[in-house]
Amino acid sequence: MRKIELLSPAKNLECGLVAINHGADAVYIGASKFGARAAAGNSIQDIEQLTAYAHRFNARVYAAVNTILADEELEEAQKLIGQLYHAGADAVIVQDMGILQMDLPPIALHASTQTDNRTIEKVQFLERAGFSQVVLARELSLEQIKTISSQTTVPLEFFAHGALCVSYSGQCYISQALCGRSANRGECAQYCRLPYNLLDAKGNILLKNKHLLSLKDMNLSDYLADLMEAGVSSFKIEGRLKETDYVKNITAFYRQKLDAILDKSDKYAKSSSGKTHFFFTPNPEKSFHRGSTHYFLLGRNQEITSFDTPKSIGEYIGIVSDKTKNSLFIYTKEKLHNGDGLCFVDNAGEFSGFRANKVEGNQVFVTQMPAVKQGAKIYRNLDVEFEKQLAGKSSERKISVVMSLSETENGFSLQITDEDKNTVSMDFLAEKILAQQAEKATETIRTQLSKLGNTDFVAEKIEISTSQTYFIPASQLADWRRQAVDKLEQLRTGNYSFFRKAIQPTTHLYPQAELSYLGNVHNHLAEAFYRQHGVTGVSPSYEKKTVPEVPLMFTRHCLKYSLGACPRFSSNLLKTMDEPLFLDYNGKKLALKFDCKLCEMQVAL
């Protein structure tokens with residue numbers, strides 16, 4: 001059976017522990033340096049602590065070292081990967097091919113989405129180069145994933161939930177060009193979330209103050225089974241800058257979704273141990289999101305953009321049915337609470353929010369009346385009661401065990417077998433005293449052996465196999481149980497199976513004979529790697545040598561398509577615009593170019 005992995009983000013150690021406790025099969029976390037989220041770095045000590053905890057459940061930890069590296073950083077990066085290996089990390093996520101030229105310990109390497117993995121040829125190349133997992137581009141359709149899977153054997157990872165980069169990952173240079181902060185170096189300034197005016201060739205404003213490069217967030221929760229069939233083995237939740245409440249809710253939601261599929265399947269299996277019980281009802285609408293989209297999974301569609309705001313819109317709850325001087329009446333089936341955060345889009349298309357100062361039924365009292373009209377749609381992006389649930393104990397993850405008590409010549413034997421078939425057995429010398437109250441004695445044995453509350457285990461079954469019913473003091477049973485559980489924990493730690501793989505030199509041909517700035521070659525080891533694989537022309541990265549008048553962003557999101565002016569998809573041929581088109585932000589103009597053959601839009605200075 002193919003193992004299926006739920007991969008959750010960890011901003012820090014706390015988020016990583018939360019992810020494991022809420023059902024993640026694996027966690028990805030930024031190393032101390034060189035991660036694509038520079039603000040989410042973590043010490044080796046914290047990563048070591050996280051790996052030790054995750055491995056108790058056979059869950060894995062992947063460390064992100066996925067920026068492009070300068071020559072002067074290579075030695076430090078090599079040392080860091082060695083430290084991650086000794087800290088117990090299961091894999092390192094990388095973008096820079098120079099890393100494959102380093103003297104590394106036998107740790108698995110995963111090809112980051114930043115390596116722009118959207119073709120069969122690219123994935124095949126990475127597989128032959130020694131990568132143990134490849135993160136596919138978010139823009140792929142089910143059919144494209146299926147085609148790639150049919151011609152490769154490397155495990156495929158795909159984003160199932162979270163924020164979308166408007167540009168192909170690794171192919172966005174707009175932040176570097178405009179303010180010197182490179183996305184490929186972990187410092188993206190998120191120009192895609194800013195408001196722009198859309199101008200035509202004559203400078204006329206076609207759209208004013210709209211977030212024209214901002215996308216909704218990915219939500220593929222309804223397509224998990226389809227993605228498994230297409231070949232995806234790892235479902236990734238985006239969010240290495242998100243806090244614990246997000247990680248709890250979204251991880252729990254996808255854990256339940258995946259378990260519902262796996263419980264009915266004989267083709268797929270969960271890739272870690274333990275079953276998670278939740279003390280709340282997961283709901284992705286209650287965590288940060290800009291609206292939901294399945295992006296290009298089923299082909300091009302109109303429902304991918306979030307032009308009104310890059311902020312979280314929350315869950316739709318109803319409409320304004322009436323107003324008073326200091327309150328609103330909201331027609332809704334949802335229960336509202338004092339302190340809830342509510343929001344709406346006003347008549348000018350601006351996104352606004354307000355707090356519910358006090359709630360009485362469907363009447364919401366406010367300290368200052370928002371500019372909202374009767375009939376306006378209201379969303380809730382902060383549910384205070386839901387946040388209270390998440391702030392408390394929201395989950396419990398336990399590994400099931402079978403405990404068997406039998407008698408020996410000089411006492412008793414306690415055996416524990418866990419769900420992964422790890423077995424420990426301990427013999428205890430004890431006087432055999434026949435029980436005067438057989439039923440009570442049996443109940444004491446079952447009760448004491450099943451008291452596993454502070455451990456990782458839960459007793460699925462208690463078996464008592466003795467010739468007669470004996471009286472055994474509760475304190476003695478508790479001591480035996482503790483000793484056997486300690487031994488089982490030690491056995492599980494020793495039996496944890498690391499996937500270790502040494503990278504061997506390869507010389508197979510890269511799909512391209514020449515690399516432009518799009519190859520992101522930032523150091524001499526990366527250049528040597530590509531030349532070793534048949535690339536004859538290697539240009540330096542954009543960050544190393546800024547290239548004038550080249551596209552800074554490549555995106556499948558197309559404004560002409562979104563506005564109904566696409567010559568391929570729109571039947572409204574009269575809706576044309578005077579090209580070239582430009583985006584304007586505070587006087588900074590960006591040119592738009594449309595490659596209809598590739599069905600892409602490019603953004604340039």
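The values are calculated or read from the model by the stated rules, or taken from the named source; none is laboratory data. All values reported here derive from a predicted model rather than from experimental measurement. Cβ: placed from backbone, ideal geometry, glycine included. Neighbour counts: every protein chain shown. Remember, those area values only see protein heavy atoms, side chains included, never the ligands or the DNA or RNA. Shrake-Rupley method; radii C 1.70, N 1.55, O 1.52, S 1.80 Å.
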> Where does the charge balance sit around residue 474 when Lys and Arg score +1, Asp and Glu -1, over other residues with C-beta under 13 Å from its C-beta?
Replying inline: +3
>> Taking the Cα centroid of the stretch 141-210 and of the stretch 346-380, what is the distance between the two, rounded to the nearest whole Å?
In response: 33 Å
> Can you give the net charge of the other residues whose Cβ lies under 14 Å from the Cβ of residue 338, counting K and R as +1 and D and E as -1?
Replying inline: 0
> Taking a ≥ b ≥ c as the square roots of the eigenvalues of the Cα gyration tensor of the stretch 119-202, is the shape rounded (a/c under 1.5), prolate (a/b larger than b/c) or oblate?
Replying inline: prolate
>> Given the DSSP H assignment, sum -39500 (n - 2.57) over each helix run of at least 4 residues in the chain and divide by its residue total; what's the result at 222 nm in deg cm²/dmol, nearest 500?
In response: -7000 deg cm²/dmol
> Could the peptides 406-418, 184-196, 362-374 be put in order, highest first, of the mean number of other beta-carbon atoms found within 10 Å of their residues?
Replying inline: 184-196, 406-418, 362-374
> What does the charge count near residue 29 come to, summing +1 for each Lys or Arg and -1 for each Asp or Glu among other residues with Cβ under 14 Å from its Cβ?
Replying inline: +2
>> With the crude spin-label approximation of a point 7 Å out along Cα→Cβ, what separation in nm comes out for residue 279 versus residue 79?
In response: 4.4 nm
>> Whole angstrom only: what separates the Cα centroid of the stretch 276-307 from the Cα centroid of the stretch 60-79?
In response: 32 Å
> Could you state the number of Å between the C-alpha centres of the stretch 412-478 and the stretch 538-605?
Replying inline: 70 Å
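Is there a quick way to get the dipole size of the stretch 44-86? I mean about its Cα centre, with the Cβ of Lys and Arg at +1 and of Asp and Glu at -1; what is the value in debye to the nearest 20?
Approximately 460 debye in magnitude.
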> In the chain, what % of DSSP beta bridges are antiparallel (nearest 5)?
Replying inline: 60 percent
>> Which residue, 211, 197, 235, has the largest displacement toward the positive end of the dipole of the stretch 184-247 when charges sit on each Cβ (Lys, Arg +1; Asp, Glu -1)?
In response: 197
> What ranking do 218-225, 283-290 get when scored by the average of other Cβ atoms within 10 Å per residue, highest first?
Replying inline: 283-290, 218-225
> Residue separation times 0.36 nm, minus the C-alpha to C-alpha distance between residue 604 and residue 371: what's the value?
Replying inline: 80.1 nm
> Can you give the FRET efficiency for residue 400 and residue 269, using 1/(1 + (r/R0)^6), R0 = 22 Å, r = Cβ-Cβ distance, to the nearest 0.05?
Replying inline: 0.90
> Once fully extended, how much extra length lies between residue 468 and residue 225, figured as 0.36 nm per residue of separation less the alpha-carbon to alpha-carbon distance?
Replying inline: 82.4 nm
>> Within the stretch 339-462, what whole-number % of the accessible surface is contributed by carbon and sulfur, with the 1.4 Å probe and all protein chains included in the calculation?
In response: 44 percent
